[in-house]
Each structure stands twice: as C-alpha cells, then as structure tokens.
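First the structure, in the form of structure tokens, and then the observations on it.
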C-alpha cells in the first residue's frame, strides 16, 4: 500500500519526498547542527528583543504560518527560494531537503517534528531558572527571558497543532476477504502501512493526545480567555495565583489597547480552521476559506487598530492584506485552470 518509501530509500526531512542516504553517520552531524541552531535562535531572540511583546511579530507570524500551510497552493517550484527559506525557519521547519538517517519513515519524522519545539522550550526554561539563581545572568538577559519563552511557545503552536492533526488523522479501509466476509480496518492516514493507534503508532498517538490535552487546549483557552479571567475572576480565591502569569500575559497583550487584549488569542484560534482545511479539504476549498478569513481579519483593522502603536497596526494590516491578495490570485488562477 502506498505511503512508505520503497526499499533502499528514506523519507527526507523538509519535504514528503523519498531519497537515498549515502552516509549513516550524517545523523550525528545533523543532531549537533540543530542543537546549536536551537541555542543560537534563543540567543538571537533575546539579543535583538524579537518577541511578541514588541507587537510587530503577531502579523508576521500569522502570515508565515498561513503561507507555510498553503505552500503547495501559493508557491511555484523555484520561485523566491530565499523568502521560502525564511518562512520555513519562522515555522521551525528545515526549509531544505536532508536525509536525516537511513531508513527514516513518517513515524520517526513526526517524533522529530515534536522534538525541536520542545527542545527550544527546554533551553529557554533553563535560562529562566539560571536568571533566578544567578544575578549576573539575570542582568545580562534583562527582562527578555519570559517574553522569549512566550514567543517561542507562540511560534511552536502551529507546528505542534499540525503535527498532532497529522498523527491523529486516520482512514478507514474496507477489506473484502476471500471467505466473502467484510471488515473495516483503521489505518494511519500519513502511512497506511501502519495500523491506527496500534503497534508502534500507539506511542505516537498517545503522545499527540498528551500534547493536545496539556498544551494545545489550555494554551488556546489561556490566550483567548485571559482578558475575561483577569478582569472579572482574578479577585476570587481560586484565581489568586493568576498574578504569576502576569509577565506571560503582558508579553502577549502588552502592545494591545485594553479593549483588544484578546487579539493574540483570536489570531491563534484563526489558525485552527485554516489548518484543518489544509488537512481535510481540497485546494479549492482551502483557498476560498483562506480568502474569507483573511478579508475578515483585514476588515477588523479598517474599523480601527487594536495596537497602541500605529506602526504595529500598519504592519499587521499589510501582512493580512498580502494574504488577501495571494488568496484571491490563487483562487482566480485555480478557476481559470478549470475552464
């Protein structure tokens, strides 16, 4: 059944293509490289203060997430490779095809998709703990450590949700046996050679559920509902510890006007239907939904900005307007190709 690479080939990181791996020791070099890249990314965010607390990153991250999800629709082969590479890196993706190790399949690839964002979280959490313990490190980092953690969590969200959706996506196959009996089998959509939630997929399935329950759902609700909790429920004894989350909340909502502190959560939730349509619907439906979503988000800025600084409103509106234009052009070219 289709879904796996043929003998002698391995699934490549950075794409869904299969290729031959000629060096079994390259995995060590790639692990070392990405370990160093993770540290450099965290240091770069801290040094340049490239965090959600600045306000200019929200529109960029939303734009990069959507363009990456719709990469087969928006991009042509070989067009703007530098831009495509940058967008891939913003999405914590490799952006280029590499053979990670000989024999890699979809199962191993999804574990690696989980691994890199979690590795970044571990780095910044260690830095935060060191800041609390050592004054010199705290003075060196300033107040950037918590905003960087918030930013990395925000960046990781789409990648982790997409990986969870891929892991939990299944297909039902009806088998007509020789004795005329009929039975249905659940297979993993990404690799139909693997039974769904059984065998080796069971561990991956369980981990995806844990990520959903302990990260995706709480984080989504936290970002979307924190203005209500902060305003109306923070004085209750049950929410007395809410002040501990104040630095994280301020990292996301600090650039917003008080009445629009929910905006980062809304942008986060807007990714979910787009991501699901990428997974489950055809290209035409994806582009149509994307056009509608982008236009609605753009209109929200026409009636008034949500940021305190006018520059942030202009930057985010520009990114959303670009999404509208790209989606409209893709939809137009799709319709022309059908005629």
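Each value in this text was obtained by applying a stated rule to the coordinates, not by laboratory testing. Bear in mind the structure is a predicted one, so any value in this text is a computation, not a measurement. A quick note on method: Cβ atoms are made from the backbone with ideal geometry, for glycine too, and the neighbour counts reach across all protein chains shown.
What to note about this one:
- Fully extending the segment from residue 29 to residue 71, taken as 0.36 nm per residue of separation minus the present Cα-Cα distance, adds 12.3 nm.
- Estimated D of segment 182-232 in µm² per second, where Rh is the Kirkwood radius over Cα pairs and Stokes-Einstein applies at 4 °C, 1.567 mPa s: 97 µm²/s
- Maximal additional length on extending the residue 102-residue 210 stretch stands at 36.0 nm, based on 0.36 nm per residue less the C-alpha distance.
- When you count the other C-beta atoms within 10 angstrom of each residue and take the mean per peptide, 151-160, 5-14 line up highest first as 151-160, 5-14.
- The packing ranking, built from the mean of other Cβ atoms within 10 Å per residue, places the peptides 185-193, 319-327 in the order 319-327, 185-193, highest first.
- Report note on the peptides 29-35, 107-113, 59-65: ranked by the mean count of other C-beta atoms within 10 Å, highest first, their order is 59-65, 107-113, 29-35.
- Contour minus Cα-Cα distance for residue 171 and residue 250 (0.36 nm per residue): 24.2 nm
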